[in-house]
Amino acid sequence: MSTVKVLVVDDSATMRSLISAVLRSDPEITVVGQAGDPLEAREAIKRLNPDVITLDVEMPNMNGLSFLEKIMRLRPMPVVMVSSLTQVGADVSLAALELGAIDCVGKPTTGMPAERAFSELPAKVKAAARARVRSGSDRAPNHAAGGNFRSDGRIVAIGSSTGGVEALLSVLSAFPANCPPTVITQHMPGTFTKSFAERLNRVCAADVSEATDGAPLSAGKIYLAPGGESHLQVVGSTSPRCRLSPEAAVNGHRPSVDVLFDSVAKASGKSALGVILTGMGRDGAQGLLAMRRAGASTLGQNETTSVVYGMPKVAFEMGAVERQLPLERIGAAIINQCNLAREAV
């Protein structure tokens, strides 16, 4: 079995060594080279033809975002961003994900062992090697939901992981200002979700924010699960609201899509619509099946438009997905299905 060839790009020799050591600990990964800046990296890419690049955000000669933009325009390939777990690092990482980076991982903070900080890096690199890289030119525009929207009272629950930044931007940009109450779990570090919610709020007609415990679900409100410390659940059948639960990780994730979907199945039953988007692994598949068995409608992203066809594939194969759709049609489909005056989508 061939291994995944990785080029490590970082201006710090120490960080390059740490990242390389963590990656080499996985027998399915080969570190074929290192580069200290984008100029070195450009030559190394031509010479070594890596399967995946790990790319530092802040570097001399050309910052990581500018270099990433050139890669995605001239030679699209899987890139995993490595950034500091700070507010600035979160903002830049989100911009990188929008440009086409497959995933991101945070650098270790003071006193944190590199092995712990980079524990997910090998899995993310291997997922990136299998991912469908979508350059800016081949990203189809979203079909915005048309007509007047009148909610049929359903709650919308969405789960996503790898590739979810782009997917959620596409889906939510189709939502009108009075969209159905919507709850989202996206696998993302805690330092990233506030910035992501703010980014979504800037580009969406509806009001998007990080979920808070007890926040009521109402029309025009979209809540994103805070990363890292709690699960987002929906409780209350007559007056549904958010609950943040600090329970253990499920499927290796906190927040977990399965936890969200399970809670919606119990609280809302058939008065809900579940959507599973691109992502690595199987989190959310069992919960989506619970939603469907409770009478909810369910949608899944198709393979062609998924960056990683993991979560939606598992959900589809176990019968949890009623309809699979390309990413650019999912936003309009959600609004259409929750609209009292439905159109054909």
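The values are calculated or read from the model by the stated rules, or taken from the named source; none is laboratory data. In this text, all values refer to a predicted model and were calculated from it rather than measured experimentally. Cβ atoms come from the backbone with ideal geometry, glycine included; neighbour counts cover every protein chain shown.
As an exercise: evaluate Ser306 against (1) among the polar types (S, T, N, Q); (2) in contact with a Leu (Cβ under 8 Å, 6 or more places away or on another chain); (3) within 24 Å of Gly190 (Cβ to Cβ) and give the number of the one condition it does not meet.
Just one mismatch for Ser306, condition (3).
Does Ala315 satisfy being closer than 23 Å to Cys338 by Cβ, crowded, with 24+ Cβ neighbours inside 10 Å, of a type in the set (A, V, I, L, M) and without any contact (Cβ under 8 Å) to a residue 40 or more places away in the chain? Walk me through how you get there before you give the answer.
Numbers: closer than 23 Å to Cys338 by Cβ: yes; crowded, with 24+ Cβ neighbours inside 10 Å: yes; of a type in the set (A, V, I, L, M): yes; without any contact (Cβ under 8 Å) to a residue 40 or more places away in the chain: yes.
The answer is yes for Ala315.
Exactly one condition in (1) over 19 Å from Ala315 (Cβ atoms); (2) outside the structural domain of Met81 (by TED's automatic domain parsing); (3) at pLDDT 95 or above is false for Val125; which is it?
(2)
Among all residue pairs at least 6 apart or on different chains, which show Cβ distances below 8 Å where the first residue, located in region 145-159, is more than 14 Å from Lys221 (Cα to Cα) and in the same structural domain as Ser297 (by TED's automatic domain parsing) and the second is among the small types (Gly, Ala, Ser) and at pLDDT 90 or above?
Gly159/Gly274; Gly159/Gly279; Gly159/Gly284; Gly159/Gly287
Could you tell me whether any residue of region 255-276 is touching a helix residue (DSSP H, G or I) at 6+ places or on another chain (Cβ under 6 Å) and farther than 22 Å from Arg241 by Cα?
Scanning region 255-276 turns up no residue that is touching a helix residue (DSSP H, G or I) at 6+ places or on another chain (Cβ under 6 Å) and farther than 22 Å from Arg241 by Cα.
With the condition kept exactly as written, say whether any residue in region 252-270 is basic (Lys, Arg), within 27 Å of Gly100 (Cα to Cα) and over 16 Å from the mean Cα position of the chain (by Cα). Can you show your working first?
Initially, region 252-270 is screened for residues basic (Lys, Arg), giving 254, 266, 270.
Now drop any that are not within 27 Å of Gly100 (Cα to Cα), which leaves 254.
Filter again for over 16 Å from the mean Cα position of the chain (by Cα), leaving none.
No, region 252-270 contains no residue that is basic (Lys, Arg), within 27 Å of Gly100 (Cα to Cα) and over 16 Å from the mean Cα position of the chain (by Cα).
Name the residues in region 171-197 that are in contact with a Lys or Arg (Cβ under 8 Å, 6 or more places away or on another chain) and closer than 15 Å to Ala332 by Cβ, would you? Don't jump to the end; show me each part of the working.
Here is the first cut: in region 171-197, the ones in contact with a Lys or Arg (Cβ under 8 Å, 6 or more places away or on another chain) are 180-182.
Pro180, Thr182 - these are the residues of region 171-197 that are in contact with a Lys or Arg (Cβ under 8 Å, 6 or more places away or on another chain) and closer than 15 Å to Ala332 by Cβ.
Does Gly295 satisfy being farther than 19 Å from Arg132 by Cβ, surrounded by fewer than 22 Cβ atoms within 10 Å (Cβ to Cβ), in the same structural domain as Phe175 (by TED's automatic domain parsing) and not acidic (Asp, Glu)? Before you say what the answer is, go through the steps one by one.
On the way: farther than 19 Å from Arg132 by Cβ: yes; surrounded by fewer than 22 Cβ atoms within 10 Å (Cβ to Cβ): yes; in the same structural domain as Phe175 (by TED's automatic domain parsing): yes; not acidic (Asp, Glu): yes.
Yes: the conditions hold for Gly295.
For the structure I just gave you, tell me whether Asp10 is in contact (Cβ under 8 Å) with a residue 60 or more places away in the chain and in the same structural domain as Arg73 (by TED's automatic domain parsing).
Numbers: in contact (Cβ under 8 Å) with a residue 60 or more places away in the chain: yes; in the same structural domain as Arg73 (by TED's automatic domain parsing): yes.
Yes.
How many residues are among the hydrophobic types (A, V, I, L, M, F, W, C) and either under 24 Å from Glu229 (Cβ atoms) or at pLDDT below 95 (or both) when one looks only at region 178-187? First the steps, then the outcome.
Here is the first cut: in region 178-187, the ones among the hydrophobic types (A, V, I, L, M, F, W, C) are 179, 183-184.
Subsequent filtering for residues that are either under 24 Å from Glu229 (Cβ atoms) or at pLDDT below 95 (or both) retains 183-184.
Within region 178-187, residues that are among the hydrophobic types (A, V, I, L, M, F, W, C) and either under 24 Å from Glu229 (Cβ atoms) or at pLDDT below 95 (or both) number 2.
Please go through region 210-247 and give me each residue that is out of contact with any strand residue (DSSP E or B) (no Cβ under 9 Å at 6 or more places or on another chain) and either within 23 Å of Leu172 (Cα to Cα) or hydrophobic (A, V, I, L, M, F, W, C) (or both), ordered by number.
Correct list: Ser218, Gly228.
Out of Ala44, Ala90, Ala96, Ala21, which single residue is of a type in the set (A, V, I, L, M) and more than 25 Å from Thr191 (Cβ to Cβ)? Spell out the reasoning first.
Values: Ala90 fails: more than 25 Å from Thr191 (Cβ to Cβ); Ala96 fails: more than 25 Å from Thr191 (Cβ to Cβ); Ala21 fails: more than 25 Å from Thr191 (Cβ to Cβ).
It is Ala44.
Scan Arg202, Arg282, Arg241, Arg292 and give me the residue that is under 17 Å from the mean Cα position of the chain (by Cα) and basic (Lys, Arg).
Values: Arg202 fails: under 17 Å from the mean Cα position of the chain (by Cα); Arg241 fails: under 17 Å from the mean Cα position of the chain (by Cα); Arg292 fails: under 17 Å from the mean Cα position of the chain (by Cα).
Answer to the selection: Arg282.
Restricting attention to region 265-305, which residues are polar (S, T, N, Q) and closer than 13 Å to Leu325 by Cβ? Even if it seems obvious, please write down each step before you answer.
Initially, region 265-305 is screened for residues polar (S, T, N, Q), giving 268, 271, 278, 286, 297-298, 301-302, 304-305.
Of everything in region 265-305, those that are polar (S, T, N, Q) and closer than 13 Å to Leu325 by Cβ turn out to be Thr278, Ser297, Thr298, Gln301, Asn302, Thr304, Thr305.
Of the residues that sit in region 1-57 and are under 19 Å from Met112 (Cβ atoms) and in a loop (DSSP other than H, G, I, E, B), which one is nearest to the chain's Cα centre (by Cα)?
Among those residues, the one meeting the criterion is Val57.
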